[in-house]
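Have a look at the structure below before the remarks.
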Amino acid sequence: MKILVCISKTPDTTAKIAFTDNNTKFAGDGVQWIINPYDEWYALVRAIELKEADAGTIIHLINVGGADNDPIIRKALALGGDEAIRVNSVNTDSYNVASQIAAVAKDGGYHLVMTGKETIDYNGSSIGGMLAELLDLPYISHAIKLDLSGSEVIVVREIDGGEETDKAALPLIVSCQKGMAEQRIPNMKGIMGARTKPLKVVEPVDAESLTSIASFELPPAKAGVKLVSPDQPEELVRLLHEEARVI
Amino acid sequence: MSILVYIDHSDGHIKKQSLEAAAYAAALAAQSNSKADAVILGTPPTDVAVLGNYGIQKAYTVSDAALDSFDSQVYCSVIAQVAEKVAADIIVFSNNANGKAVAPRLSAKLKAGLVAGAIALPDTSNGFVVKKSVFSGKAFANISISSAKKIISVNPNSFGIKTSGTENAVTENITVAVPAAKTKVDAVNKIKGEIPLSEAEIVVSGGRGLKGPENWGMVTELADLLGAATACSRPVADVNWRPHHEHVGQTGLAIAPNLYFAIGISGAIQHLAGVNRSKTIVVINKDPEAPFFKAADYGIVGDAFEVMPKIIEAVKKLKGK
Ligand SMILES: Cc1cc2nc3c(=O)[nH]c(=O)nc-3n(C[C@H](O)[C@H](O)[C@H](O)COP(=O)(O)OP(=O)(O)OC[C@H]3O[C@@H](n4cnc5c(N)ncnc54)[C@H](O)[C@@H]3O)c2cc1C
């Protein structure tokens, strides 16, 4: 089986969120970059588990971005991918990124394409679905479990207020979230091995962008907390009822 | 211009998030002097007429039983055909489970720019710009859509379920080709008797400060009294004190209830990311230096085990129980 895992680069979860260029660009200088946690912990680790269960499985990683993305791609390879492809392009919007991935995936013979459920920076949840449509493949989003059973895939996805179990044939596109796998730390052998694994750079195809970021804003600061004495907790209930009017 | 809103339903009723999407579509229509119609797939819910209260006069139904099971590819194809027939140029979804699965597909199919997770109506004073939350709740982005066709998915609990009409919506059944699904729904497992976190107006949440799962009675009792959903911090779900679906934060669910009531949670940046869009935040923590107090509206610096029973008593009194 051949799996393609989509890897995105995001700021670390503790990174300071600030903007430059008249609030049109994320201030990335000095920021620690990581593999988008959903891509790493769930999509990639689950793919690695499938390979551990069936040694014939091949895992390719794909990232759309510049050469400054190579460190996070190497880290993903250290965790377990076999080889990586970087589409040498500047991310403009989800549609453009999905078009770039589709161009690579189209003739790649992949049985399974896995993404994280969303990136922690743009929170779009869009790449998997767009890719599925561009490749005319079925798509199951927000999967919390994925198992192979013969030629069939059994996927449990989160729905509003519950779970749904789906069966599908391959090829299939799945977006992954918590439940799929557990976070892993790359070991020394993996890190050494990653240096010599192929990281192929391909040039982007012509693709449109349908959206652009006009500006960013930071949320207004909170007015400050109103503290209630621990000796009078019922006062808190009164405030929530009469002042905030939320209960 | 014409607007089409996709209405999701389950157990014979329109989902709350879809009423919010309907209200959004109606407000967008009012703002742009156009009209908003709805599209409903599968055996129609019993309460289609109610859409009229939210400003939708007409609902197109594709009442093919094959659509009673969800498949993103089939739904996308059907909605695209309906959108074409009614000449819709803006399509609105709720950014809920099915919306997240279908809206991006439809965006690629129609080459319609998508803003996933909109929190306000578009600003059309200079182009078509929609505000959404980014960096997991730590900032907002104003996204400009440049394509002629547009798709907006509305974040649950961000616009409000606003009413704007009194007449019943009329239904028109519409026939389109329903392709065969390549995925098959085998089982649906709803968590009975619980309010889904993403829909809840009040959320009571517990952290590692509660010491163990045996102490969750104070969380669930308060939640029951307030008609609230329950949530927890990540380490609590990681050690299985609570189920994974309760985990909120940067790597869990992002929620925006009217009231988020946090007990024994420190308020780490990754936790705040998922909850800081809540309208009112209450923090109960014994450490005055807990970072959560900086993001809170109300708080008590105190021991949850002493404070919570008194709070529960006061709420009981308030609710007349
Ligand atoms: C990449 C990454 C992603 C993450 N994603 C998430 C996420 O999505 N969601 C999330 O929640 N976390 C996430 N975390 C973890 C986060 O950093 C914190 O570790 C976590 O939120 C802490 O959980 P907590 O507040 O329950 O526990 P603690 O940090 O242990 O805090 C417990 C709190 O309870 C208080 N307390 C103790 N006893 C009492 C008492 N008797 N009465 C009242 N208060 C008491 C303490 O003062 C303390 O503030 C993530 C971390 C990383 C690195």
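Among the conditions (1) more than 16 Å from the ligand (Cβ to nearest atom); (2) among the β-branched types (V, I, T); (3) touching a residue at least 40 places away in the same chain (Cβ under 8 Å), B:T220 misses just one, which is (3). The strands (runs of 3 or more DSSP E) falling completely within segment A:134-247 that include 2 or more residues that are under 30 Å from A:T20 (Cβ atoms) map to A:199-202, A:211-217. Among the residues of segment B:1-48, write down those that are farther than 20 Å from B:A112 by Cα, in contact (Cβ under 8 Å) with a residue 40 or more places away in the chain and over 20 Å from the mean Cα position of the chain (by Cα). Correct list: B:A30, B:Q31, B:P44. Selection of segment A:19-71 for residues being out of contact with any helix residue (DSSP H, G or I) (no Cβ under 9 Å at 6 or more places or on another chain) and of a type in the set (A, V, I, L, M) yields A:A27, A:V31, A:A43, A:A47, A:L50, A:A53, A:A55, A:A67.
In the set A:V205, A:V174, A:V228, only one residue is in contact with a Gly (Cβ under 8 Å, 6 or more places away or on another chain), modelled with pLDDT of 95 or more and under 30 Å from A:E133 (Cβ atoms); that residue is A:V174.
The conditions of being away from the ligand (no atom under 12 Å from the Cβ), over 25 Å from the mean Cα position of the chain (by Cα) and facing chain A (nearest Cβ under 9 Å) are met by B:E313. If a residue has to be surrounded by fewer than 19 Cβ atoms within 10 Å (Cβ to Cβ) and more than 14 Å from chain A (Cβ to nearest Cβ) to count, how many in segment B:58-112 make the cut? Of the residues in segment B:58-112, 10 are surrounded by fewer than 19 Cβ atoms within 10 Å (Cβ to Cβ) and more than 14 Å from chain A (Cβ to nearest Cβ). Which numbered condition in (1) surrounded by fewer than 21 Cβ atoms within 10 Å (Cβ to Cβ); (2) touching a Leu at 6+ places or on another chain (Cβ under 8 Å) is the only one that B:V203 fails? The failed condition is (1).
Of the residues B:I255, B:I265, only one is assigned to a loop (DSSP other than H, G, I, E, B), near the ligand (Cβ under 9 Å from one of its atoms), in contact (Cβ under 8 Å) with a residue 24 or more places away in the chain and in contact with a strand residue (DSSP E or B) (Cβ under 7 Å, 6 or more places away or on another chain); which? Please lay out each step first, then the result.
Details: B:I255 fails: near the ligand (Cβ under 9 Å from one of its atoms).
Going through B:I255, B:I265 in turn, just one is assigned to a loop (DSSP other than H, G, I, E, B), near the ligand (Cβ under 9 Å from one of its atoms), in contact (Cβ under 8 Å) with a residue 24 or more places away in the chain and in contact with a strand residue (DSSP E or B) (Cβ under 7 Å, 6 or more places away or on another chain): B:I265.
Residue under question is B:F93, and the condition is that it be in a loop (DSSP other than H, G, I, E, B) and of a type in the set (F, W, Y); does it hold? Criteria not met by B:F93.
Among the candidates A:A143, A:A168, the residue that is within 22 Å of B:S10 (Cα to Cα), touching a Lys or Arg at 6+ places or on another chain (Cβ under 8 Å) and surrounded by 20 or more Cβ atoms within 10 Å (Cβ to Cβ) is uniquely A:A143.
Can you find, within segment B:268-277, the residue that is surrounded by the most Cβ atoms within 10 Å (Cβ to Cβ) among those that are within 9 Å of chain A (Cβ to nearest Cβ) and more than 8 Å from the ligand (Cβ to nearest atom)?
Filtering segment B:268-277 for residues within 9 Å of chain A (Cβ to nearest Cβ) gives B:268-270, B:273, B:276-277.
Narrowing further to those that are more than 8 Å from the ligand (Cβ to nearest atom): B:276-277.
Working: B:N276: 20, B:R277: 23.
Restricting to residues being within 9 Å of chain A (Cβ to nearest Cβ) and more than 8 Å from the ligand (Cβ to nearest atom), the top hit is B:R277.
In segment B:240-252, how many residues are near the ligand (Cβ under 9 Å from one of its atoms) and closer than 25 Å to B:I312 by Cα?
Keep residues of segment B:240-252 that are near the ligand (Cβ under 9 Å from one of its atoms), which gives B:247-252.
In the following step, the residues that additionally are closer than 25 Å to B:I312 by Cα were identified as B:247-248.
Qualifying residue count, segment B:240-252: 2.
Looking only at segment B:278-297, residues that are at the interface with chain A (Cβ under 10 Å from one of its Cβ atoms), part of a strand (DSSP E or B) and within 12 Å of the ligand (Cβ to nearest atom) come to 2 in all. Checking B:K192, B:K182 one by one, the residue that is more than 16 Å from the ligand (Cβ to nearest atom) and either in the same structural domain as B:I119 (by TED's automatic domain parsing) or out of contact with any helix residue (DSSP H, G or I) (no Cβ under 9 Å at 6 or more places or on another chain) (or both) is B:K192 and no other.
Out of the residues in segment A:43-69 that are acidic (D, E) and surrounded by fewer than 16 Cβ atoms within 10 Å (Cβ to Cβ), which is nearest to the chain's Cα centre (by Cα)? Talk me through it step by step, then tell me what you get.
Looking only at segment A:43-69, we keep the residues that are acidic (D, E), and these are A:49, A:52, A:54, A:68.
Restricting the remaining residues to those that are surrounded by fewer than 16 Cβ atoms within 10 Å (Cβ to Cβ) gives A:52, A:54, A:68.
Details: A:E52: 22, A:D54: 24, A:D68: 18 Å.
Here the answer is A:D68.
Since B:S158 meets every condition but one in (1) among the hydroxyl-bearing types (S, T, Y); (2) more than 9 Å from every other protein chain (Cβ to nearest Cβ); (3) in a strand (DSSP E or B); (4) under 29 Å from A:A15 (Cα atoms), which condition does it not meet? Evaluating B:S158 over (1) among the hydroxyl-bearing types (S, T, Y); (2) more than 9 Å from every other protein chain (Cβ to nearest Cβ); (3) in a strand (DSSP E or B); (4) under 29 Å from A:A15 (Cα atoms) leaves (3) as the failure. Screening B:A237, B:A200, B:A229, B:A169 for residues that are within 12 Å of another protein chain (Cβ to nearest Cβ), of a type outside the set (K, R) and more than 16 Å from the ligand (Cβ to nearest atom) leaves exactly one candidate, B:A200.
The values are calculated or read from the model by the stated rules, or taken from the named source; none is laboratory data. In this text, all values refer to a predicted model and were calculated from it rather than measured experimentally. Cβ: placed from backbone, ideal geometry, glycine included. Neighbour counts: every protein chain shown.
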